[in-house]
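Visitor: Got a structure for you, questions after.
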Amino acid sequence: METQTKLNVAGLDFVPYISHKEIAQRIEHLGTELNRDYEGLSPLFLPILNGSFMFAADLIRQICIPCQVSFVKTASYEGTQSTGKVSQLIGLEQDLEGRHIVLVEDIVDTGLTIASLLRGLENFRPASVKIATLFVKPEALKEDFEIHYRGFDIPNKFIVGYGLDYEGFGRNYRDVYCLAED
Ligand code: 5GP
């Protein structure tokens, strides 16, 4: 599929931002780091659906050490006033106790979702939990946690493609596009 010079997704115009080639290069690098860091640890990758499906497929193809993969979703509910929105993983099939977990995300924006998931995962007593995300918006981050494996730091732009959607559309493109400025 050719990169399109302009893309209309559900009524909004987007322009090319990061090519599939650049993404592939970063993912190869992340894969090398993961293979090195998790040697002998049999990590469990937990890609968070829906947005991470393409990233997870390409990233996990780079992994050449024994590992497991289990796709999960997040469910949000209102916590107490002090905790605000709480996110929880659903669809977990494995026992997480003592496991080395890698959460695979498409994009960390405010970080509220991941921060809440990290707090919830502590209850399962994993050996370690690290995050692999393709994109981070550092200016939007409101929570303080370490992001161990990150593809690209991007400004506060809204992006689609490579698994990321707008109104459910746009996930299918292999390149990433950002919202066109007026
Ligand atoms: P956070 O809790 O970090 O603010 O939210 C992260 C989630 O917001 C991502 O998993 C994604 O679903 C959505 N999101 C944040 N920024 C973008 C963006 O630029 N494009 C798209 N398509 N989704 C985004």
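Visitor: How are the C-alpha pair distances of region 122-164 spread across 10 Å bins, as whole percents from the shortest bin up?
Guide: Calculated over all Cα pairs of region 122-164, the distribution is 21, 47, 24, 7 percent.
Visitor: Another question about this same structure. Percent relative contact order of the chain, based on C-alpha pairs within less than 8 angstrom and at least six residues apart?
Guide: The normalised contact order for the chain reaches 25 percent.
Visitor: Now for a different question. Once every Cα of region 1-79 carries one equal point scatterer and solvent is ignored, give the base-10 log of I(q)/I(0) from the Debye formula at q = 0.16, 0.26 Å⁻¹, two decimals.
Guide: With one equal scatterer per Cα and no solvent, log10 I(q)/I(0) is -0.78, -1.21.
Visitor: Taking amide H atoms as placed 1.01 Å from N in the peptide plane, list the residues 5 or more away in sequence, or in a different chain, whose amide H sits under 5 Å from that of Val129.
Guide: Under 5 Å from the amide H of Val129: Ile101.
Visitor: May I pose another question? Taking only C-alpha pairs under 8 Å that are 6+ residues apart, what is the relative contact order of region 112-182 in percent?
Guide: It rounds to 22 percent for region 112-182.
Visitor: Under 5 Å between amide H atoms, partner at least 5 residues away or on a different chain: which partners does Val108 have, H built in plane at 1.01 Å?
Guide: Phe135, Val136, Lys137
Visitor: Name the residues whose placed amide hydrogens come within less than 5 Å of the amide hydrogen of Arg174, ignoring near sequence neighbours (fewer than 5 apart) on the same chain.
Guide: Correct list: Tyr162.
Visitor: Let me ask you something else. How long are the semi-axes of the equivalent ellipsoid of region 54-182, defined as square roots of 5 times the Cα gyration tensor eigenvalues? Whole Å, largest first.
Guide: That gives 25, 20, 14 Å for the three semi-axes.
Visitor: Shifting gears a bit: Whole-Hz ³J(HN,Hα) for each residue in region 168-182, computed from phi via Karplus 6.51 cos²θ - 1.76 cosθ + 1.60 with θ = phi - 60°, x for glycine and proline: what do you get?
Guide: For region 168-182, the Karplus-derived couplings read x, 9, x, 5, 7, 7, 7, 9, 9, 10, 10, 4, 5, 6, 5 Hz, x marking Gly and Pro.
Visitor: Then there's this: In what sequence, highest mean first, do 66-73, 40-47 appear when ranked by Cβ atoms within 10 angstrom?
Guide: Ranking the peptides 66-73, 40-47 by packing returns 40-47, 66-73.
Visitor: What nm value, rounded to one decimal, do you get for the distance between Gln62 and Leu12 when each label is placed 7 Å out toward the C-beta?
Guide: Spacing of the two 7 Å Cα→Cβ label points: 2.7 nm.
Visitor: Arranged from highest to lowest average of other beta-carbon atoms within 10 Å per residue, in what order do the peptides 139-146, 22-29 appear?
Guide: Descending packing order for the listed peptides: 22-29, 139-146.
Visitor: Quickly work out the Arg119-to-Leu92 label distance, labels modelled 7 Å from Cα along the C-beta direction, and quote it in nm with one decimal.
Guide: 1.6
Visitor: At 222 nm, what value in deg cm²/dmol follows for the chain if DSSP H runs of at least 4 each add -39500 (n - 2.57) and the sum is divided by all its residues, to the nearest 500?
Guide: -6000 deg cm²/dmol
Visitor: Can I ask one more? If packing is taken as the average number of other Cβ atoms within 10 Å across a peptide's residues, how do 6-15, 52-61, 163-172 rank, most packed first?
Guide: 52-61, 163-172, 6-15
Visitor: Residue by residue through region 25-39, which ³J(HN,Hα) values in whole Hz follow from phi under the Karplus form 6.51 cos²θ - 1.76 cosθ + 1.60 (θ = phi - 60°), with glycine and proline marked x?
Guide: Calculated HN-Hα couplings, in order: 5, 5, 5, 4, 5, 4, x, 4, 5, 5, 4, 6, 5, 10, 3 Hz.
Read-outs throughout are calculated quantities, based only on the coordinates presented, and are distinct from any laboratory measurement. Nothing here was measured: the structure is a model prediction, and the numbers come from that model. Methodologically, a virtual Cβ is constructed for each residue, glycine included, from the backbone with ideal geometry; neighbour enumeration extends over all protein chains shown.
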